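Chemist: Before we start, here is the structure in question, set down as structure tokens.
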Amino acid sequence: MKQYRRGLIAWFARHSIAANLLMLLIMVGGVIGFNVVNKEVFPRFDLQKIDIIAAYPNAFVLEIVNCVCVRIEEAFYDVIGVKTLDSDIVDESCFIQ
């Protein structure tokens, strides 16, 4: 009488068709699962605040206001959803929120 080892690996070793069918089932499940999984490159979220920092080195305050801050504010003035614009000028830079 032959002695067979007991266990899952030994059973699959004796029944190679069952092992191949299980492998096929796992591969098909992986392909189906890959197509079902939600894939996002960039998550969805609502922006509540945007900070813009524009530097203008070696410029006077009036130049920064006229050449940088005012132009950025005018560009964002008609954007839908923008409620307020706050501008500050510090160290040759314009900060807009």
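Chemist: Roll a 1.4 angstrom probe over the protein heavy atoms and tell me the percent of accessible area of the chain that is carbon or sulfur. Could you put the intermediate results ahead of the total?
Modeler: Values: 5660 of 9120 Å².
In the chain, the share of accessible area belonging to carbon and sulfur is 62 percent.
Chemist: Another question about this same structure. Thinking of the chain as a set of Cα atoms, what percent of all their pairs are more than 20 Å apart?
Modeler: 66
Chemist: Within the chain, which is the longest segment that contains none of the chymotrypsin sites (Phe, Trp or Tyr not before Pro) sitting in a DSSP loop with at most 13 other Cβ atoms within 10 Å?
Modeler: 5-44
Chemist: From largest accessible area down, sort Cys67, Cys94; use a 1.4 Å probe on the protein chains. Working shown, then result.
Modeler: On the way: Cys67 65, Cys94 0 Å².
Solvent-accessible surface, decreasing: Cys67, Cys94.
Chemist: Would you please name the trypsin sites (Lys or Arg not before Pro) within segment 4-87 that are DSSP coil residues with at most 16 other C-beta atoms within 10 Å of their C-beta?
Modeler: For trypsin sites (Lys or Arg not before Pro) across segment 4-87 that sit outside H, G, I, E and B with at most 16 neighbouring Cβ atoms in 10 Å, the list reads Arg5, Arg6, Lys39, Arg44, Lys49, Lys83.
Chemist: For helix 16-36, what angle does its Cα long axis make with the longest principal axis of the chain, in degrees from 0 to 90 and rounded to 10?
Modeler: 20
Chemist: Relative contact order for the chain using alpha-carbon pairs under 8 Å, separation at least 6, rounded to a whole percent?
Modeler: 27
Chemist: Under 4.7 Å Cβ to Cβ, no partner at all: give me those cysteines from the chain, in residue order.
Modeler: Cys67
Chemist: Per-residue HN-Hα couplings for segment 50-64, Karplus 6.51 cos²θ - 1.76 cosθ + 1.60 at θ = phi - 60°, whole Hz, x for Gly and Pro?
Modeler: 10, 10, 10, 10, 10, 9, 9, x, 6, 10, 7, 4, 5, 5, 5
The values are calculated or read from the model by the stated rules, or taken from the named source; none is laboratory data. Just so we're clear, the structure is a prediction, and the values are computed from it rather than from any experiment. Heads up, the Cβs are rebuilt from the backbone with ideal geometry, glycines too, and the neighbour counts pull from every protein chain shown. All accessible areas refer to the heavy atoms of the entire protein, side chains included, with ligands and DNA or RNA removed. Shrake-Rupley method; radii C 1.70, N 1.55, O 1.52, S 1.80 Å.
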